[in-house]
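Worksheet: one structure, shown below.
The values are calculated or read from the model by the stated rules, or taken from the named source; none is laboratory data. Worth saying up front: this structure is predicted, and the values here are computed from it rather than measured. All Cβ positions, glycine included, derive from the backbone under ideal geometry; neighbour counts span all protein chains shown.
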Amino acid sequence: MQTEINEKCAVFGVSLYSEEAAGVTYNGLLALQHRGQEGAGIAVANNRSIVCHKDEGLVSEVFQGEALERLPKGKIAVGHTRYSTTGQSTKENVGPFVTEYLTGRIATAHNGNITNAKEIRGKLAKFGLNFNATSDSEVVSSLIAYYIKKEQSSLYGTANAVGLLRGAFSLIIATSKNKLIVVRDSNGFRPLCIGKNGIGCAVASESCALETCGFEFVRDVFPGEVVMIENGEITDTLFFQQIKNENEQFLKNDKHGLCIFEYVYFARPDSVIDGLSVYESRYNMGLALAREYPVYADAVCGVPDSGLDAAFGYSAASGLPLVTGFVKNRYIGRSFIYPTQSKRDSAVRIKLNPLSANIRGKKIVLVDDSIVRGTTSEKIVKSLKNAGAKEVHMRVSSPPFRHTCHYGTDIDSEENLIANNMNHDEICRKIGADSLGYISIDALKDACKKCRLSFCTACFTGNADTQFAMKDVFER
């Protein structure tokens, strides 16, 4: 099991007035590289056809040389970066997935995890559909293509198809008929937002990608919503569960559950998700940690990158000076991008180097986003003490992880989670800290209270209230 919590994948898509879709999508994926680094792909819709290029590796590696130039000019494109949560890390499992049916093609980019994918795959196989990959995203694309053909409508076919899915899904679908279809699951597990500028519309997992590509944020996709975009304009929307409430009432439905770890760790701090700045939420987590776990110390430092903003908050609330504790090697990825444990361990050792001038002889409050197995935290604490820190007091901006996740976060082995094997004091001793404090679940929710949705916190609490009851696929 990995030492970090991973969610992975990013989706990006455009519907433009001009034929610049491939280049804009490439730039959007670069801005979302943090969400998935095992593979990348772009599919361009042009003149009733779809051409896709994808492979394992970073965006810049997959599209190096003339690879991007070989994609056709087109006004519609979807892109994907991947970290595998379902299916092995292979080229075949990288998105987007292009699915051909009798009257057209679609390309589907998916972020999330479908809990009934195996059941759907079995049903579709009986209808003669073939599968080349092991990813649940291929199943989603095939299901949508099946229903588009059946309903003779891209919008209603997609709506009928996604109504059968269970789990987490943010989808961007390009059709060979130059339409872009956008879907977010009815719980809103994963983020998805829409932007607009003078050349058309863009859709992205995070608003930071819209801004990077010059699009002005318009709104988040509502949970349960299907949006049709044609010729750079939104032309139709519907809720696939046919909920009649007004949007504001719909958003306040307690059944919705955005993964709260988007704010803790996954998203970039310059993104805004469902009305809440990621930076502000992390700053608030630091404020809460200082209130819940004060300590006599000389300075505060954060673990780059997602621990830095919470460290700012802790410093502000405690009055302790904020110092740079680590120099980060910017030329390697996050440690979880490596597919084997030995490579991940090597990355941890070379990724962060303590800045001894700020550490030596001081009592340090160290702020990080999470503790999974404890191995990474142990190495980081040890490195600070080796650099001369007198004491290291660990503060964590998420509660202890105790439960598996079925919605696209690969917490898949509860027995390997340190919080299930040790009590609070034992964990503190294991990682070598002088004290340890986890943010409480109530304080975490309060730090994110400006978010318009409720939260899924099942990995902390075990209460998966947002789960659907399983129904027979294709039941009507």
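Please determine whether any residue of the stretch 431-444 is acidic (Asp, Glu), under 23 Å from the mean Cα position of the chain (by Cα) and closer than 29 Å to residue 257 by Cα.
The first filter runs over the stretch 431-444 and keeps only residues acidic (Asp, Glu), leaving 434, 442.
Retained after the next criterion (residues that are under 23 Å from the mean Cα position of the chain (by Cα)): 442.
In the following step, the residues that additionally are closer than 29 Å to residue 257 by Cα were identified as 442.
Yes, the stretch 431-444 contains a residue that is acidic (Asp, Glu), under 23 Å from the mean Cα position of the chain (by Cα) and closer than 29 Å to residue 257 by Cα.
When the stretch 181-235 is examined, which residues are found to be surrounded by fewer than 24 Cβ atoms within 10 Å (Cβ to Cβ), of a type in the set (A, V, I, L, M, F, W, C) and free of Cβ contacts under 8 Å to residues at least 40 places away in the same chain?
Within the stretch 181-235, 218, 222 meet the criteria.
What residue, among those in the stretch 273-325 that are charged (D, E, K, R) and not in a helix (DSSP H, G or I), is farthest from residue 384 (Cα to Cα)?
Of the stretch 273-325, the ones charged (D, E, K, R) are 274, 280, 282, 291-292, 298, 305, 309.
Right, trim to not in a helix (DSSP H, G or I) and you get 274, 298, 305.
Values: 274: 37, 298: 14, 305: 17 Å.
Here the answer is 274.
Which pairs do you get when a residue that is within 11 Å of residue 97 (Cα to Cα), found in the stretch 137-155, comes within reach of a residue that is at pLDDT below 95 and assigned to a helix (DSSP H, G or I), reach meaning Cβ atoms under 6 angstrom, with the pair 6+ apart or on two chains?
Partner pairs satisfying both residue conditions: 139/117; 139/120; 139/121; 142/124.
Residue check, residue 167 against (1) within 18 Å of the chain's Cα centre (by Cα); (2) buried (at least 24 other Cβ atoms within 10 Å of the Cβ), all met but one. Which one?
So the condition that residue 167 fails would be (2).
When the residues of the stretch 106-157 are narrowed to those that are of a type in the set (Asp, Glu) and buried (at least 19 other Cβ atoms within 10 Å of the Cβ), which ends up modelled with the highest pLDDT?
138
Considering only residues that are among the β-branched types (Val, Ile, Thr) and over 20 Å from residue 401 (Cα atoms), look in the stretch 354-382 and name the one that is surrounded by the most Cβ atoms within 10 Å (Cβ to Cβ).
Taking the stretch 354-382 first, the residues among the β-branched types (Val, Ile, Thr) are 359, 364-365, 367, 371-372, 375-376, 380-381.
Now restrict to residues that are over 20 Å from residue 401 (Cα atoms): 359, 364-365.
Working: 359: 25, 364: 27, 365: 32.
Checked the stretch 354-382; the qualifying residue surrounded by the most Cβ atoms within 10 Å (Cβ to Cβ) is 365.
Taking the stretch 185-233, which residues are aliphatic (A, V, I, L, M) and either outside the structural domain of residue 16 (by TED's automatic domain parsing) or under 17 Å from the mean Cα position of the chain (by Cα) (or both)?
Let us first name the residues in the stretch 185-233 that are aliphatic (A, V, I, L, M), namely 192, 194, 199, 202-204, 209-210, 218, 221, 226-229.
Of everything in the stretch 185-233, those that are aliphatic (A, V, I, L, M) and either outside the structural domain of residue 16 (by TED's automatic domain parsing) or under 17 Å from the mean Cα position of the chain (by Cα) (or both) turn out to be 192, 194, 203, 204, 209, 210, 221.
Test residue 364 against the stated conditions and say whether it is at pLDDT below 95 and among the hydrophobic types (A, V, I, L, M, F, W, C).
Numbers: at pLDDT below 95: no; among the hydrophobic types (A, V, I, L, M, F, W, C): yes.
Taking the combined requirement at face value, the residue does not satisfy it.
Do we have any residue at all in the stretch 288-304 that's of a type in the set (Asp, Glu) and out of contact with any Pro (no Cβ under 9 Å at 6 or more places or on another chain)?
Keep residues of the stretch 288-304 that are of a type in the set (Asp, Glu), which gives 292, 298.
Narrowing further to those that are out of contact with any Pro (no Cβ under 9 Å at 6 or more places or on another chain): 292.
Looking through the stretch 288-304, at least one residue is of a type in the set (Asp, Glu) and out of contact with any Pro (no Cβ under 9 Å at 6 or more places or on another chain).
Take the stretch 420-451 and flag every residue that is charged (D, E, K, R) and outside any helix (DSSP H, G or I).
Start the filter on the stretch 420-451 by keeping residues that are charged (D, E, K, R), which leaves 425-426, 429-430, 434, 442, 445-446, 449-450.
The answer is 434, 449, 450.
From the set of residues in the stretch 95-105 that are of a type in the set (A, V, I, L, M, F, W, C) and in contact with a helix residue (DSSP H, G or I) (Cβ under 7 Å, 6 or more places away or on another chain), which is surrounded by the fewest Cβ atoms within 10 Å (Cβ to Cβ)?
Restricting attention to the stretch 95-105, the residues satisfying the condition of being of a type in the set (A, V, I, L, M, F, W, C) are 97-98, 102.
Next, from what is left, pick out any that are in contact with a helix residue (DSSP H, G or I) (Cβ under 7 Å, 6 or more places away or on another chain): 97, 102.
Working: 97: 31, 102: 6.
Once the filter is applied, the top-ranked residue is 102.
Which one of these does residue 14 not meet: (1) of a type outside the set (S, T, N, Q); (2) out of contact with any Cys (no Cβ under 9 Å at 6 or more places or on another chain); (3) buried (at least 21 other Cβ atoms within 10 Å of the Cβ); (4) modelled with pLDDT of 95 or more?
Among (1) of a type outside the set (S, T, N, Q); (2) out of contact with any Cys (no Cβ under 9 Å at 6 or more places or on another chain); (3) buried (at least 21 other Cβ atoms within 10 Å of the Cβ); (4) modelled with pLDDT of 95 or more, the lone unmet condition for residue 14 is (2).
Given the options 305, 309, name the one that is farther than 19 Å from residue 427 by Cβ, within 21 Å of the chain's Cα centre (by Cα) and modelled with pLDDT of 95 or more. Spell out the reasoning first.
Working: 305 fails: modelled with pLDDT of 95 or more.
Among 305, 309, only 309 is farther than 19 Å from residue 427 by Cβ, within 21 Å of the chain's Cα centre (by Cα) and modelled with pLDDT of 95 or more.
For the list (1) crowded, with 22+ Cβ neighbours inside 10 Å; (2) touching a helix residue (DSSP H, G or I) at 6+ places or on another chain (Cβ under 6 Å), I need the number of the one condition that residue 43 fails.
Against the list (1) crowded, with 22+ Cβ neighbours inside 10 Å; (2) touching a helix residue (DSSP H, G or I) at 6+ places or on another chain (Cβ under 6 Å), residue 43 comes up short only on (2).
Could you count how many residues in the stretch 106-128 are touching a helix residue (DSSP H, G or I) at 6+ places or on another chain (Cβ under 7 Å) and of a type in the set (S, T, N, Q)?
Total meeting the criteria: 2.
So residue 351 fits all but one of (1) of a type in the set (D, E, K, R); (2) modelled with pLDDT of 95 or more; (3) surrounded by 16 or more Cβ atoms within 10 Å (Cβ to Cβ); (4) in contact with a Lys or Arg (Cβ under 9 Å, 6 or more places away or on another chain); what number is the exception?
(2)
I need a count of the residues in the stretch 56-73 that are under 20 Å from the mean Cα position of the chain (by Cα) and either part of a strand (DSSP E or B) or not β-branched (Val, Ile, Thr) (or both). Give the steps one after another, and end with the answer.
Initially, the stretch 56-73 is screened for residues under 20 Å from the mean Cα position of the chain (by Cα), giving 56-60.
Of the ones still in play, those that are also either part of a strand (DSSP E or B) or not β-branched (Val, Ile, Thr) (or both) are 56-58, 60.
Total meeting the criteria: 4.
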